[in-house]
Amino acid sequence: MVTQFSVGDGNVWRLSGNLTFTTANNLLVEFTTFVSSNSLPQVLDLNEVEYVDSAGLALLVEFKRQAKQIRFSNIPSKMLNLAALSGVQDILST
């Protein structure tokens, strides 16, 4: 599966594919581009994320830094576990 963003209905964006060291930089560039050319999302739906590593978690922390109002939905359990181990679970839940 290709890792990508898609802008859904209203203020919901979707992220699909793998959030890893190899995809994080491109996704950050794509997110920054989307943010500059679209209204900021209220929700980033992670339902179609297939795999995540620590770089993927760091990517979501950066998304939250750039768009403070963003909420994450359908967070994969592996990502929640990584967040808890890293002490950043509050960032994903707010």
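The values are calculated or read from the model by the stated rules, or taken from the named source; none is laboratory data. Only a predicted model underlies this, so the values are computations on that prediction, with no experimental measurement involved. Note: ideal-geometry Cβ built from the backbone for every residue, glycine included; neighbour counts use all protein chains shown.
Spot the failing condition for Val49; the list is (1) within 17 Å of Arg71 (Cβ to Cβ); (2) among the β-branched types (Val, Ile, Thr); (3) surrounded by fewer than 16 Cβ atoms within 10 Å (Cβ to Cβ), and only one is missed.
The one condition Val49 does not meet is (3).
Sort out which residues of the range 11-33 are of a type in the set (Phe, Trp, Tyr) and surrounded by fewer than 16 Cβ atoms within 10 Å (Cβ to Cβ), and write them in order of number.
Residue satisfying the conditions is Phe21 alone.
Whether any residue in the range 60-67 is over 11 Å from the mean Cα position of the chain (by Cα) and of a type outside the set (Gly, Ala, Ser) is what I want to check.
yes
Out of everything in the range 57-70 that is of a type in the set (A, V, I, L, M) and at pLDDT below 90, what residue ends up being nearest to Val43 (Cα to Cα)? Talk me through it step by step, then tell me what you get.
At the first step, the residues of the range 57-70 found to be of a type in the set (A, V, I, L, M) are 57-61, 67, 70.
Within this subset, residues satisfying the condition of being at pLDDT below 90 are 67, 70.
Working: Ala67: 10, Ile70: 5 Å.
It comes out as Ile70.
Would you check which residues across the range 1-50 are of a type in the set (S, T, N, Q), assigned to a helix (DSSP H, G or I) and modelled with pLDDT of 75 or more and list them?
Once the filter is applied, which keeps residues that are of a type in the set (S, T, N, Q), assigned to a helix (DSSP H, G or I) and modelled with pLDDT of 75 or more, the range 1-50 yields Thr22, Thr23, Asn25, Asn26, Thr32, Thr33, Ser36.
Among the numbered conditions (1) surrounded by 15 or more Cβ atoms within 10 Å (Cβ to Cβ); (2) in contact with a Leu (Cβ under 9 Å, 6 or more places away or on another chain); (3) closer than 15 Å to Ile91 by Cα; (4) at pLDDT 85 or above, tell me where Ser73 comes up short.
Going through (1) surrounded by 15 or more Cβ atoms within 10 Å (Cβ to Cβ); (2) in contact with a Leu (Cβ under 9 Å, 6 or more places away or on another chain); (3) closer than 15 Å to Ile91 by Cα; (4) at pLDDT 85 or above one by one, Ser73 breaks only (1).
Quick check: is even one residue across the range 35-48 of a type in the set (Asp, Glu), closer than 13 Å to Gln4 by Cα and without any contact (Cβ under 8 Å) to a residue 60 or more places away in the chain?
Here is the first cut: in the range 35-48, the ones of a type in the set (Asp, Glu) are 45, 48.
Checking the rest, the ones that are also closer than 13 Å to Gln4 by Cα come to 45, 48.
Add one more test, that the residue is without any contact (Cβ under 8 Å) to a residue 60 or more places away in the chain, and what stays is 45, 48.
Yes, there is a match, as at least one residue in the range 35-48 is of a type in the set (Asp, Glu), closer than 13 Å to Gln4 by Cα and without any contact (Cβ under 8 Å) to a residue 60 or more places away in the chain.
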